[in-house]
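Report on one structure; see the data block that follows.
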Amino acid sequence: MPLKRLKSFRVFLYFLIIGLFLFLIISLFTLFLRQESKTFANFLSNFFLIFSSFNIFIFIIAIVGIFISIGVVHSLEKISRFSQQIREGNFKASLEVKRADEIGRLAENLVQMRDQLVKILNSLEREKEKALSIIKNISDGIVVLNSQGIIKIANSVAQEILSETEKNIIGRKYYEVLKLFDKEKEKYICESNDTDCFIKKAIKNCEKINIPKNIYIIDKYERKKEISGRISTFEEKNGLSSFILAFRDVTAEKEIERMKSEFISITSHQLRTPLSSVRWYAEMLLAGDAGKLNKNQTIFLTDVHESTITAIDLINNLLDLSRLEGGEIKYNLEPIQLETIIENLISDLSAYAKATNVEIEKTFKQIITPKVKVDSKKVYQVFSNIIVNAVNYSQIPGKRKVVLSLKKLGKEIVFSCADSGIGIPKEEQKNIFKKFFRATNTAGVGAPGSGIGLYIAKIFVEQMKGKIWFESEDKGKGTTFYVSFPSLA
Amino acid sequence: MSPKILIIEDDQRINKVYTAKLSIEGIEVSTALDGEEGLRRIYDEKPDLILLDLMLPKKSGFEILKEIKKDEKIKDIPVLILSNLAQEKEIEEGLALGAQDYLVKTNYSIQQVMERIKKALKGRN
């Protein structure tokens, strides 16, 4: 209210001036009367004369006051108008108050504040534009939906995948634009009434959801494009949620993946089939199914058999390797006692042990350790690899024994496989788990191997939160391999 | 009476090995070289056990397995898949379709294969 009070003060001054002015007229009038009467009038005129000179002084002050108040009110009114304009968002409003006092400084500060605000707003605008330009130029298709499922933004990649122009996308409901087809279930998904739709769920529960597998987007020209990606949510400044659907056209990648997988599958089948008959015929001959063999025949055939097994292992390992590097290996973790795997292995490997004349012995009789959470097929493969290695490198007369043990040490279940074979040379021990590595002293033994088995074993074990290591002495004292997994009890 | 096994396998050499080994074991064997013939023989011969390959001409092993499990008359005949398709999803699919066992041929010795066959036959009796 100060401005109003200032204004009433001004009105008061106006009245004062008018009053004083009247008083001055009366004083002048009495001066005139002095010429006519000498006695009482004289006294009165003297009194008024003294009083009116004082009046003139007040009069001057009042006039100056009015001028000052006019200046202040005018400036304050300008400032008030300016702030009103800023409030309404007109940042181009101007304010000119040429005063050296507090009011002048106030105006100056206001103008500076306005300039600062404009700067901040501009930088915010630039940030927003930057974010938008990132969205527009990102290599993924981006569609931004509001909480009603209406499309607000669709970047150029999204337009390209949909083969649609921006104006045919923006402002429409997602199910009018995105035609999605589930290849596995052979049906369209995310139609207007599909309550199971991942987009609908994401909007309803405000959550992040990956686009399910095997989903095709059907473009304007009915072309199918396989997509992957996800929908995520963010909160707008008005408190409502928006949703970003980011997706990629993976048709070409999936096609290559399918071709690779088909190639591997067919090649493995084609290579394995002839190897199966070689292996089995050799085994039949060695078992005497075609009559008793002489010593040389047995030796030669054993070599044929071993070479075949090596070739089979190589194929298996190469397939594993290719799947491993393609990230295709799945781990089906289940609680299991390692004893059962070892029992199966001993039974499956008994024929091989017999053929190579190596004894496989276990130090436990029944189930003694708590369960571990592993993929039993992978563990079978890892243990099999270790045991077969141990058998192969134990071909030293008089020392043909492999000892398997299973113990609970602290919080770990530790499997060990000890042979008394040729050992691993000290300087080569660090390379044992490297791809395609074979120790130099294996050459003389004639033991088969491709140098992939332990490389894969280490990856498998570590993927199941286990550890694999060994201790070895090369002067014929043998090698012990250890594998441990966290105990569940 | 000796047990009867039907082998559905398109590789002649593999068939010869099976036949030779199974005969030694005293098991009667008949072979079919493609899927359609295999299915026909299942109905004709009512074998005690079927050894089934997966990649077969005319009708795949998976298709044969589906048809076996659909028909009341033959669905109880145990099926051992002996294939060289060794990807996890094939193994899973084979077992899910009702095969009793899935052996990757190269990974088993002929003795191990025989043990599995005998086990399956024992289960049948």
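Quick notes
- With Cα atoms defining each centre, the range A:292-309 and the range A:130-170 are spaced 68 Å apart in the structure.
- Disulfide-incompatible cysteines by the Cβ rule (no partner under 4.7 Å) in the protein assembly as shown: A:C206, A:C417
- Each helix, a run of at least 4 DSSP H residues, gives -39500 (n - 2.57); summed and divided by the residues of chain A, these come to -18000 deg cm²/dmol at 222 nm.
- Principal axes of the range A:331-489: Cα extent on each, largest first, Å: 44, 30, 25
- Pair-distance distribution of the range A:24-175: all C-alpha pairs, bin width 5 Å, starting at 0; shares per bin in whole percent are 2, 8, 9, 8, 7, 5, 6, 6, 6, 6, 6, 5, 4, 3, 3, 2, 3, 3, 3, 3, 2, 1, 0.
- Evaluated on the range A:252-329, the Kirkwood hydrodynamic radius is 14.5 Å, with distances taken between all distinct Cα atoms.
- Here's how it looks for A:I360: its modeled amide H is under 5 Å from those of A:V402, which are all 5 or more places away or on a different chain.
- Shielding value for A:328-341 is 1, the average number of Cβ atoms from other chains within 10 Å of each residue's Cβ.
- Diffusion coefficient, µm² s⁻¹, Stokes-Einstein with Kirkwood Rh over alpha-carbon pairs of the range A:139-249 at 4 °C and 1.567 mPa s: 94 µm²/s
- Stokes-Einstein, applied to the Kirkwood radius of the range A:385-425 over Cα pairs at a viscosity of 1.567 mPa s and 4 °C, places its translational diffusion at 116 µm² s⁻¹.
- Part-to-part distance (alpha-carbon centres) for the range B:56-125 and the range A:359-393, which is given in Å: 26 Å
- Over 16 Å [Cα-Cα, the range A:80-131], rounded percent: 47 percent
- Our compactness index for the range B:56-96, the C-alpha radius of gyration over the empirical 2.2 N^0.38 Å, is 1.19.
- Kirkwood analysis of chain A, using all unique Cα-Cα pairs, places the hydrodynamic radius at 32.8 Å.
- With contacts taken as Cα pairs under 8 Å and at least 6 residues apart, the range B:2-125 reaches a relative contact order of 22 percent.
- Cα point-scatterer Debye curve for the range B:78-125, base-10 log of I(q)/I(0) at q = 0.17 Å⁻¹: -0.48
- FRET E, pair A:L121, A:D196, Förster distance 41 Å, beta-carbon r, rounded to 0.05: 0.40
- Comparing B:A86, B:A96, B:A32 in a Gaussian network model of chain B, where Cα atoms under 10 Å apart are tied by springs, the biggest mean-square fluctuation is seen for B:A96.
- Debye-sum result for the range A:337-428 in log10 I(q)/I(0), which assumes one identical scatterer on each alpha carbon, at q = 0.11, 0.15, 0.20, 0.21 Å⁻¹: -0.32, -0.59, -0.98, -1.05
- Within chain A: Cβ-based charge dipole about Cα centre, in debye rounded to nearest 20 (Lys, Arg +1; Asp, Glu -1): 1480 debye
- Ordering of A:122-133, A:334-345 by burial proxy (mean other Cβ atoms within 10 Å per residue, highest first): A:334-345, A:122-133
- Of the DSSP H helices in chain A, those whose Cα atoms cover at least 24 Å axially and whose Kyte score averages 0.5 or more: A:2-34, A:40-87
- Ratio of the Cα radius of gyration of chain B to 2.2 N^0.38 Å, where N counts its residues: 0.95
- GNM result for chain B, Cα springs below 10 Å: residue of B:S83, B:S109, B:S60 fluctuating most strongly: B:S109
- Under 5 Å between amide hydrogens, built in the peptide plane, is the criterion, and for A:C197 it picks out A:C190 among residues at least 5 positions away or on other chains.
Every number in this text was worked out from the coordinates using simple rules, so none of it is lab data. Fair warning: this is a prediction, and the values are worked out from it, not measured in the lab. Reconstructed Cβ throughout: ideal geometry from the backbone, glycine too, with neighbour counts over all protein chains shown.
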